[in-house]
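What follows is a short report on a single structure.
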Number of protein chains: 2
Amino acid sequence: MRRWTFAKGHGTENDFVLLVDAGGERPLTAEQVRWICDRRAGIGADGVLRAVPGGQMPQWRGDPDVWFMDYRNGDGSIAEMCGNGVRVFVRHLLDSGLVVGPEVLVGTRAGVRETEVQPDGQVRVAMGPARVVVNGEVVVRTADERAFDAVAVDVGNPHAVSFCADPRVIDLSRPPTWHPEQAFPAGVNAEFVSRRGPRHLAMRVFERGVGETRSCGTGTVAAAAAWHARESSESGTEEPVHYRVDVPGGTVEVQLGATSYLTGPAVIVAHGELILPDALDAQ
Amino acid sequence: MRRWTFAKGHGTENDFVLLVDAGGERPLTAEQVRWICDRRAGIGADGVLRAVPGGQMPQWRGDPDVWFMDYRNGDGSIAEMCGNGVRVFVRHLLDSGLVVGPEVLVGTRAGVRETEVQPDGQVRVAMGPARVVVNGEVVVRTADERAFDAVAVDVGNPHAVSFCADPRVIDLSRPPTWHPEQAFPAGVNAEFVSRRGPRHLAMRVFERGVGETRSCGTGTVAAAAAWHARESSESGTEEPVHYRVDVPGGTVEVQLGATSYLTGPAVIVAHGELILPDALDAQ
């Protein structure tokens, strides 16, 4: 029976179990991740964020003293990046005295991410560019047979953003489909977006391989970029533009520009010791 | 921001957050319970088990030194008893050094419960009598339009036990209905049971007001009692009979007799401090 120090936290209700592995000697098996994320037999979370010094990660070529976010999905698979996860990761590093803010660099499988803790405790993350790929040539169809002209946006991962009068009424109990199929050969995250006010959007999201979630960081950036590209009458300005995006799990702010920034809450709700079952400890 | 010591545990994957309140000075509001049980914004659990000395509970008339299990459902409502919860409650009292086993009395809103910790760590709970009320006059119908002659069993709460070839194929995504309606004016927990071997049953359960769950302690007792009353050729014996009941979350043992006993696992998976949001602390 091994005991691991852990924390649990969430960013707009995308929730994570956080583990610090300063010696890089505790790589996680897929079974251990699945147990930790099991919402009844374990702690429960969408994923695990293991903090390891970059120098302990064989694939890391950057500063060895940067904390690397070893992000694992709840099913044990490896993921590259997660905009909500990075915020919670930084909040936990700060709370644990492992970094000093307000500026914190985070290593991820998608490269280094610059973050900045705001005076109100929210965390801002540089998400890289949001690139509108196709505008108007993709049709997304939801389970209730509604059809939308979607905007394809690349934020490091693929998104199809559809505009609608009210995202609340759309059936996301089953995966949306799209046409032409080859627009997203590796699948797509589908956002459904409406306007709430000037530069203020509401969004629901169906994440590929997961289902509807309470929030998706890259999805909010894609939604703002798609809206701005298609609906905004403004153009030619060099100024960064700010959007507020409401998701079921809360509200984030997106800044569009050469690099996009995502700012949102990061909350630690508990910390303590988890008690790994013997069967998983021998691994 | 207040911090509370907590543990999380489960009995056959019916999971709980445990709080010890030795001074009886921390009654929980419904909002606090809902936050604790929120699987994304809080810790996440089916319910909260608050341990309070009986003498601190105004309604308790028994031994003031018995630990009272103040059991709250995830929606904040008050519940009387929970067979899986009592096991996890006793395990936590033992681990915390608050009681000495193997025999532990637990106060509940349904009266005192006798428990006994087994050499293998499982916990046995006296559940009171299981009374077969109606045999064959109730029809239960599932969402996939299957109809069953159900056995009505009272284990302190109402159950309708249906026998089937394979519980795995039954659609429990929506609540079953029953006829006549007046058989269960306050609703009913519906079990679907098949035989796996001699005195060995498999069961799925739809709990009233909740939906399908991984396990239901009183439901396993009801299932064994109903099976024994209808299907067993044995009768007239005074000996207690033992059934093994497999549920999706694990396996328990039921002993039928003048009083029924439920024996099953109780696992603590984590303990630590939870950080109550300021908005809930002022309550």
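For segment B:214-231, a residue qualifies if it is closer than 20 Å to B:V138 by Cα and either open to solvent by 40 Å² or more (accessible area, probe 1.4 Å) or modelled with pLDDT under 90 (or both), and the qualifying residues are B:A229, B:R230, B:E231. Of all residues in segment A:118-134, those satisfying the criterion of being over 16 Å from A:V221 (Cα atoms) and either touching a residue at least 60 places away in the same chain (Cβ under 8 Å) or under 17 Å from the mean Cα position of the chain (by Cα) (or both) are A:Q118, A:G121, A:Q122.
Looking only at segment B:239-262, which residues are open to solvent by 30 Å² or more (accessible area, probe 1.4 Å) and either of a type in the set (S, T, Y) or within 14 Å of chain A (Cβ to nearest Cβ) (or both)? Those that are open to solvent by 30 Å² or more (accessible area, probe 1.4 Å) and either of a type in the set (S, T, Y) or within 14 Å of chain A (Cβ to nearest Cβ) (or both): B:P248, B:T251, B:T259, B:Y261. Just one residue in the set A:D149, A:D144, A:D171, A:D120 is of a type outside the set (G, A, S) and open to solvent by less than 50 Å² (accessible area, probe 1.4 Å); that residue is A:D171. Against the list (1) open to solvent by 10 Å² or more (accessible area, probe 1.4 Å); (2) without any contact (Cβ under 8 Å) to a residue 40 or more places away in the chain; (3) in a loop (DSSP other than H, G, I, E, B); (4) within 22 Å of B:M81 (Cβ to Cβ), the condition B:L28 fails is (2).
Which of (1) within 14 Å of chain B (Cβ to nearest Cβ); (2) within 20 Å of the chain's Cα centre (by Cα) is the odd one out, the single condition A:L49 does not satisfy? Only one criterion in (1) within 14 Å of chain B (Cβ to nearest Cβ); (2) within 20 Å of the chain's Cα centre (by Cα) is unmet by A:L49, namely (1). Taking the listed residues B:G211, B:G197, the one that is surrounded by fewer than 20 Cβ atoms within 10 Å (Cβ to Cβ), free of Cβ contacts under 8 Å to residues at least 60 places away in the same chain and either touching a Pro at 6+ places or on another chain (Cβ under 6 Å) or closer than 22 Å to B:R146 by Cα (or both) is B:G211, with no other qualifying.
Checking segment B:69-88 against the condition returns a match, with at least one residue being among the small types (G, A, S) and at positive phi.
Scanning segment B:31-53 for residues that are open to solvent by 20 Å² or more (accessible area, probe 1.4 Å) and not in a strand (DSSP E or B), we see that the one that is modelled with the lowest pLDDT is B:D46.
With respect to (1) modelled with pLDDT under 95; (2) open to solvent by 40 Å² or more (accessible area, probe 1.4 Å), the lone exception for A:L105 is condition (1).
When you scan segment A:135-150, do you find a residue that is closer than 20 Å to A:T218 by Cβ, modelled with pLDDT under 95 and in a loop (DSSP other than H, G, I, E, B), even just one? So far as segment A:135-150 goes, no, none of its residues is closer than 20 Å to A:T218 by Cβ, modelled with pLDDT under 95 and in a loop (DSSP other than H, G, I, E, B).
The values are calculated or read from the model by the stated rules, or taken from the named source; none is laboratory data. Keep in mind that what you see is a predicted model, and the values were worked out from it rather than measured. All Cβ positions, even for glycine, are placed from backbone atoms using ideal geometry, and neighbour counts span all protein chains on display. Quick note on the areas: whole protein, heavy atoms, side chains included, nothing else; ligands and nucleic acids left out. Shrake-Rupley method; radii C 1.70, N 1.55, O 1.52, S 1.80 Å.
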